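Please read the structure below before turning to the comments.
The values are calculated or read from the model by the stated rules, or taken from the named source; none is laboratory data. Everything numeric in this text was worked out from a predicted model, so none of it was measured. Ideal geometry is used to build each Cβ from the backbone, glycine not excepted, and the neighbour counts take in all protein chains shown. Protein only, heavy atoms only, side chains kept; ligands, DNA and RNA dropped before computing areas. Shrake-Rupley method; radii C 1.70, N 1.55, O 1.52, S 1.80 Å.
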2 protein chains.
Amino acid sequence: MSNEKIPYKIYLSEDELPKQWYNVRADMKKKPAPLLNPGTGMPVTAEELGHVFCDELVKQELDETTPYIDIPEEILGFYKMYRPSPLVRAYCLEKALDTPAKIYYKFEGNNTSGSHKLNSAIAQAYYAKKQGLKGVTTETGAGQWGTALSMACSYFGLDCKVYMVKVSYEQKPFRREVMRTYGASVTPSPSMTTEVGKKILAEFPDTNGSLGCAISEAVEAATSQEGYRYVLGSVLSQVLLHQTVIGLETKTAMDKYGIKPDIIIGCAGGGSNLGGLIAPFMGEKLKGKADYRIIAVEPASCPSLTRGVYAYDFCDTGKVCPLQKMYTLGSGFMPSANHAGGLRYHGMSAILSELYDQGLMEAVSVEQTAVFEAAQKFARVEGILPAPESSHAIKAAVDEALKCKETGEEKTILFGLTGTGYFDMYAYAAYNDGKMSDYIPTDEELQRSFDTLPKINK
Amino acid sequence: MSNEKIPYKIYLSEDELPKQWYNVRADMKKKPAPLLNPGTGMPVTAEELGHVFCDELVKQELDETTPYIDIPEEILGFYKMYRPSPLVRAYCLEKALDTPAKIYYKFEGNNTSGSHKLNSAIAQAYYAKKQGLKGVTTETGAGQWGTALSMACSYFGLDCKVYMVKVSYEQKPFRREVMRTYGASVTPSPSMTTEVGKKILAEFPDTNGSLGCAISEAVEAATSQEGYRYVLGSVLSQVLLHQTVIGLETKTAMDKYGIKPDIIIGCAGGGSNLGGLIAPFMGEKLKGKADYRIIAVEPASCPSLTRGVYAYDFCDTGKVCPLQKMYTLGSGFMPSANHAGGLRYHGMSAILSELYDQGLMEAVSVEQTAVFEAAQKFARVEGILPAPESSHAIKAAVDEALKCKETGEEKTILFGLTGTGYFDMYAYAAYNDGKMSDYIPTDEELQRSFDTLPKINK
């Protein structure tokens, strides 16, 4: 098919949906460091993790050797409701940029949750249901993950308790309502419903909340109730595993048309989208079968890869979760108040951290005003209003395409467009009104935050 | 292909996109009544209409005989950015309803404007650009049309001035921001920027605005400035023509899989979506080639087909537009304040009014609490958060599917899912909180409104 004209949108058929997720760890010679029990400093056991996570997900979290893991029929059935997602040739953006580059994006916003998060939410809800649980708890910041999980739980008839970072709960009432429409209960965090919430409120009564704090509350809510487990929308290796459906579909579609990307770009908060998009390409790279430039794009206001340290750290503010070795800004790090959207987690997926540390991928950071400028340009020509998170990838892709314009190179650029920005109009309004500002943490601020790293690193 | 398993989503290829719109009037023996000049009472001429609308659109508005009209290449190019739209087999909804009925919906919400309105917006913007105009003016209520037009104008580099019903402007700031992101100027209506706005404000200083009033302002803004024309998102025959892309794609997809709908359902405000969806099916019906039950669904709070009269009426409150013969509640009619979402226009497309009058289609009205109940059920199982407008069609489709459950009939039901409800979360919140109410106008209210009909009917 390689001589065929590439359509604007490449849709695979249902039969071409991947039947297995790809576990990139199986092909990594040096694996990510193991999760540690914060009390003992020893690698966590499946039994210990089983108090927090569903059994099957614990297995996936700890499995470093099985390259392909079957996607259960029930999950495939749900995937068919909104997948395969389109791989779009950005003809209009190319024209607007007047670049010889060929730009493709994999669009994950075409489902009601509005983002790629649903790919893992449905898997996690399925395993919880299969284990006979009553429900799950989670945290959400910008709200994409909470929305996706609410939708997934409603599908399987599971109870869903969402702890939503207080500032988002107040600023994004519509996100909250979508979750409620799907039957979830949504609690602003910190709250008086948990011990850790009470403790944080006693110390900081005026806090706006943070993702790390909401995680702690959700974990407590799960472990203190019969029949509940905690689920997480990013960072974990199990989440990256489920998200490989993005990359696998992309690779199938590109192979079908004989397209080989030179550069692969994704935004990176906890790493779920980037990890999922690049997985099969990284697999080829690890096996020496192909080479690709792979670029993680993070906000300059929360730069874990570009300015963080590679160390063991707490995954949550309450310090109840296992320690993970990752690129981190320290669990005490809080992005500045003017930071819009997601990508505000202090750390990065262990898998991506290790791949980055091995020099197998690059990272850049971008400032948010430039990100919204790219978002607006993209919206106007491509007809999709992108989420602020996704727009980080757009910005980097546009920059690469403009370099091609200078050099005349016809590079093929692939990026992940993770979601839509319908619930981020406050941020767009700030941009439209010229009131958006940028913030880059100082070295001193980062140093203070690094000081919160656990002693085990010393 | 008729024995093939029907996939969850049927996507046509780009090559299968219709190359022509279908003008159903060409196959109507009795045509819709002509538009009249409100001053002279005589049929309007192309020249008169040319002061308000673009020349090519005037031609399309008045053309009752050409069955197929070529879609210009530039519009086809834009269509490819988001079309063909999916025809979805609602397997999950069927299962949830436990019905033997086969339910299909054509989903038009997969573009940033969030609805089918873009199909006509891009056509109208194209013809305005081709005529060398500087820009266009329009009104918007719920905001779908204004968003779509902003997007279309941004694509062709046209200025776009939107008069937004004041209550929506205030209650839907995010819709406004999407329009601004696409570069449109958005003015709350009534405003002091037009004579008609000033007059209405002088008489009713506390008014919330209405669609009819916003139309009057937009028309004045277009006709009082060099290089501007007015564009409208529904009601007009030209709009129904552009929207036939919905029905043509649907028919192609159904024919491909050997599916024949027994019942075709669409929500109806001004009629653009319903008219577009049913056009090719109605064409067969008019030619005696096939029979279909066709059902228009309207809100009980704004029941133009089910409780209106078939008469000449003003299209706008300011009475500056041509008179149109249509099912109408009278141009003075205002849906009650608790009415959520669109479908609030006092009249109905002349084409649909005539087809309804000839008994070629049915109409039902539904109350909004029941509509949101259906919307929530649909969202939970089909994974799309529907617009309140679209949910009227869902409600009627669910009712028909439940009838099939009683009788055991395996009917095939097709409905139009016009858009997503991301900007309607206030209404969903009211429903979630049990605060949504219904309203049915009394006969006395309607009679008072009928009294505003022009004398020409007497």
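Give me the distance between the Cα centres of the stretch B:298-365 and the stretch A:321-358, rounded to whole Å.
56
Quick check on the protein assembly as shown: of the DSSP beta bridges with both residues there, what percent are antiparallel, nearest 5%?
Antiparallel bridges: around 35 percent, rounded to the nearest 5.
Take the residue pairs A:K251/A:K395; A:K9/B:K251; A:K106/A:K395 and return only those whose Cα atoms are more than 19 Å apart.
The pairs that break the limit, which is 19 Å between Cα atoms, are A:K251/A:K395; A:K9/B:K251.
Could you give the length gained on full extension between A:K287 and A:K403, defined as 0.36 nm per residue of separation minus the Cα-Cα distance, in nm?
Extending this stretch completely gives an extra 38.8 nm.
Kindly tabulate the residues in the stretch A:421-435 with an accessible-area decrease of at least 50 Å² between the chain alone and the assembly of all protein chains, using a probe of 1.4 Å.
A:Y422, A:M425, A:N432
I want the local charge near B:A427. Using Cβ-Cβ distances under 14 Å, sum +1 for each Lys or Arg and -1 for each Asp or Glu among the other residues.
The answer is -2.
Report the label-to-label distance for A:N338 and B:K458 in nanometres (one decimal), using points 7 Å from each Cα along the Cα→Cβ vector.
The answer from the label model is 6.5 nm.
When Lys and Arg each count +1 and Asp and Glu each count -1, what net charge do the other residues less than 10 Å away from B:L343, Cβ to Cβ, add up to?
Overall, the nearby charge balance is -1.
Can you list residues from other chains, or at least 5 along the same chain, whose modelled amide H is less than 5 Å from the amide H of B:I10?
B:L87, B:V88, B:R89
Residues with amide H under 5 Å of A:M326's amide H, sequence separation 5 or more or different chain, H placed in the peptide plane at 1.01 Å from N; which?
Here A:A311, A:Y312, A:D313 satisfy the definition.
How big a patch of accessible area, both sides summed and in Å² to the nearest 100, lies buried between B and A at a 1.4 Å probe?
Looking at B and A, the buried total is near 3900 Å².
Quick one: Cα centre-to-centre distance for the stretch A:205-278 and the stretch A:107-160, in angstrom?
12
Note the distances from B:E284 to each other copy's matching label point, with points 7 Å along the Cα-to-beta-carbon direction, in nm, sorted shortest first.
Spacings between copies for this position, smallest first, are 4.4 nm.
Between A:S189 and residues 5 or more places away or on another chain, which pairs have amide H atoms under 5 Å apart, with H built 1.01 Å from N, and which residues are they?
It is A:M164, A:V165, A:K166, by chain and number.
What do you get when you divide the Cα radius of gyration of the stretch A:220-336 by 2.2 N^0.38 Å, with N the number of residues?
1.26
Please flag any cysteine in chain A that has no other cysteine's Cβ under 4.7 angstrom from its own Cβ.
Taking the Cβ cut-off of 4.7 Å, the unpaired cysteines of chain A are A:C54, A:C92, A:C213, A:C267, A:C302, A:C404.
What is the average number of partner chain Cβ atoms found within 10 Å of a Cβ in B:378-386?
Per-residue shielding by partner chains comes out at 6.
At a cut-off of 50 Å², which residues of the stretch B:37-84 become less accessible once all protein chains are present than in their chain alone, using a 1.4 Å probe?
B:M81
With every protein chain kept in place and ligands, DNA and RNA left out, what is the accessible area per residue of the stretch A:46-100? Probe 1.4 Å, answer in Å².
41
Assuming R0 = 22 Å, what is the FRET efficiency of B:F204 and B:I440, from their Cβ-Cβ distance, to the nearest 0.05?
Calculated transfer efficiency: 0.35.
Give the aspartates and glutamates whose C-alpha is closer than 20 Å to that of B:K198, dropping any in the same chain fewer than 8 places away, or say none.
Here the aspartates and glutamates satisfying the reach criterion relative to B:K198 are B:E139, B:E170, B:D206, B:E217, B:E220, B:D316.
Net charge near A:L211: determine it from the other residues with C-beta under 10 Å of the C-beta of A:L211, scoring Lys and Arg +1 and Asp and Glu -1.
-1
Using the alpha-carbon centroid of each, what span in Å lies between the stretch A:24-90 and the stretch B:396-458?
Their Cα centres are 45 Å away from one another.
For B:D159, A:D451, give me the order by solvent-accessible area with a 1.4 Å probe, most accessible first, ignoring ligands, DNA and RNA.
So the residues, ranked largest to smallest area, are A:D451, B:D159.
Over all residues in B:177-186, what is the mean tally of Cβ atoms on other chains that come within 10 Å of each residue's Cβ?
5
Straight-line reach from B:K29: which aspartates and glutamates have Cα under 18 Å away, leaving out those fewer than 8 places along the same chain?
Straight-distance partners of B:K29: B:E61, B:D63, B:E64, B:E284, B:D291, B:E354, B:D357.
Looking at A:T442, A:L248, A:T138, which one has the Cα that reaches farthest to the positive end of the dipole of chain A (charges on Cβ: Lys, Arg +1; Asp, Glu -1)?
Positive-end residue among those listed: A:L248.
For the stretch B:55-63, in order, what is each residue's ³J(HN,Hα) by Karplus, 6.51 cos²θ - 1.76 cosθ + 1.60 with θ = phi - 60°, in whole Hz (x at glycine and Pro)?
Taking θ as phi minus 60°, the curve returns 4, 5, 6, 4, 4, 5, 4, 8, 7 Hz for the stretch B:55-63.
Taking a threshold of 30 Å on the Cα-Cα distance, which of the pairs B:K130/B:K285; B:K95/B:K172; A:K130/B:K5 fall above it?
With Cα atoms farther than 30 Å apart: B:K130/B:K285; B:K95/B:K172.
For chain A, what is the percent of antiparallel DSSP beta bridges, rounded to the nearest 5?
Around 35 percent of the beta bridges assigned by DSSP in chain A are antiparallel ones.
Using only the alpha-carbon atoms of chain A, report the extent along each of the three principal axes, biggest first, to the nearest angstrom.
So the extents along the principal axes, rounded to whole Å, are 61, 49, 47.
One-quarter of the Cα convex hull surface for the protein assembly as shown, in nm²?
37.0
Roughly what would the spin-label model give for A:Q20 and B:T369, points 7 Å off Cα along C-beta, in nm?
5.4
Using a Förster radius of 45 Å, what is the FRET efficiency between B:L360 and B:D98 based on their Cβ-Cβ separation? Nearest 0.05, please.
Step by step, r from the Cβ atoms, then E = 0.90.
Using Stokes-Einstein with the Kirkwood hydrodynamic radius over Cα pairs, what translational diffusion coefficient do you get for the stretch A:1-111 at 20 °C and a viscosity of 1.002 mPa s, in µm²/s rounded to a whole number?
120
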